[in-house]
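Chemist: The structure under discussion is supplied below as structure tokens; questions concerning it will follow.
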Amino acid sequence: MVKVLSLWRDYSDMVRMNALYYQEKALGKKMELKIARDHRSVRRGLGRARKNLNETVETIMPDADWVILSGMGFNPPKKRDYKIALFLADIHCARSLKLSPQGLCKYLNKKTFDAYLMHYTKLAYQAIPTFKPIEHDYYLRHLKGPKLHFAPAIDPSYSYPSDKTKIYDVVFLARAHEYVHALRYKIMTGLPKLARNNGWKVIIRERPPGKTGERSIKKMLKKGYIVGQKYNETLARSKAFIFGLGLFKYPALKFVEGMSTRTCVFSDPPLTAKSLHYIPDWNFVRINGSNWRRKLKYYMKHEEEREEIAENGYQTFLKYHTVDVRARQLARFLEKNK
């Protein structure tokens, strides 16, 4: 069994990032896993533990095959007896480093990471328009080393369908920047009138304020935001969950969030839809800027068809996108490349 030391942050109370906390728990069932932040030597913080990584490994897990961490600014020790897998969550926007996708590949290739766990592998657009255009699979072609599509996953014991009657017709819970998320913006601004005309009960909310990784579920709940279990319960009691992917076309966590609650998902497809088993109008409803109203009205009227798509989405989630499934994939990947 592969031996792994996790240097991830504690994501348990972070809005939507808590999916990674449950993922980490699932990894411990498929491999020999130790979590650095649980060890007394790391009480001063993960930054110190990463800076002295060889010492950290020797103290906590001297026979580790792999260390898993996140953070593009980390410099791996040149001499080590273990391998390092870097978790890449946001390849579309390396804001802190101010690098283009081309520059980011060169930057990471110089750091000699041994593998990459990529939340998504293909990119439809880059964050800053002045960057030169790139092909969708640029990272797959130019990033050196083994790569695993470590796609978003959810623990089915945390997010699941409800036995209660669905009380909402449609929910929209997403960030909607007019330029970056053109489809979401159209939905957010057009849904209120559509709902009034059709007598639908809807919820329309943008994401909570603050930076990713700094939004506390407990604090956001106290302020009335729909996050954590409240978010899952809201989806589970809705007939339709509608959003859109924006310029980048990566597989947002929203797909599995909706599918895990047996709620019918409405969105445009990600670039990696085929490999993720997302099938338009079978396990989600494919929409665009010109047809989302028509499709939403159709499936609100045709309940059996909508519920069949929602059920197909739920079964797709259970088969391909639970944290247990992802843990098995990662265990095989690390064992193969150790």
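Nothing in this text is a laboratory measurement; each read-out follows from the coordinates by a stated rule. Predicted, not measured: the structure shown is a model, and the values here were computed from it. No Cβ is skipped: glycine too gets one built from the backbone with ideal geometry, and neighbour counts run over all protein chains shown.
Chemist: At a threshold of 8 angstrom on Cα-Cα distance, excluding pairs fewer than six apart, so keeping six or more, what relative contact order does the stretch 168-320 reach in percent?
Modeler: Relative contact order for the stretch 168-320 comes out at 23 percent.
Chemist: When the gyration tensor of the stretch 168-320 is built from Cα positions, what are the square roots of 5 times its three eigenvalues, in whole Å, from largest to smallest?
Modeler: Three semi-axes, in Å: 22, 18, 17.
Chemist: I need to check one value: relative contact order of the chain, counting alpha carbon pairs closer than 8 Å and at least 6 residues apart, in percent.
Modeler: Worked out over the chain, it gives 18 percent.
Chemist: State, to one decimal in nm², a quarter of the convex hull surface area for the C-alpha atoms of the chain, i.e. the direction-averaged projected area.
Modeler: Computed as one quarter of the Cα hull surface, the answer is 17.2 nm².
Chemist: Right, next: Could you give the dipole magnitude of the stretch 168-320 about its Cα centre, charging the beta-carbon of Lys and Arg +1 and that of Asp and Glu -1, in debye to the nearest 20?
Modeler: 680 debye
Chemist: Oh, and also: From the residues Ala252, Phe317, Val285, which one has its Cα farthest along the dipole of the stretch 168-320 in the positive direction, the dipole being from +1 and -1 charges on Cβ of Lys/Arg and Asp/Glu about the Cα centre?
Modeler: Ala252
Chemist: Let me check I've understood the local charge: for Ser159, count other residues with C-beta under 12 angstrom from its C-beta, Lys and Arg +1, Asp and Glu -1. What total comes out? List each step's numbers first, then the result.
Modeler: Details: positive: Arg16, Lys230, Lys254, Arg262; negative: Asp155, Glu233, Glu257.
Residues close to Ser159 contribute a combined charge of +1.
Chemist: Here's another thing I want to ask about it. Considering only the chain, what is the antiparallel percent among its DSSP beta bridges, to the nearest 5? Spell out each step's value before the answer.
Modeler: Details: 2 of 35 bridges.
In the chain, DSSP labels about 5 percent of beta bridges as antiparallel.
Chemist: On to the next question. Which one, Asn337, Ile35, His302, projects farthest toward the positive side of the charge dipole computed for the chain from Cβ point charges (K/R +1, D/E -1)?
Modeler: Value computed over the given set: Ile35.
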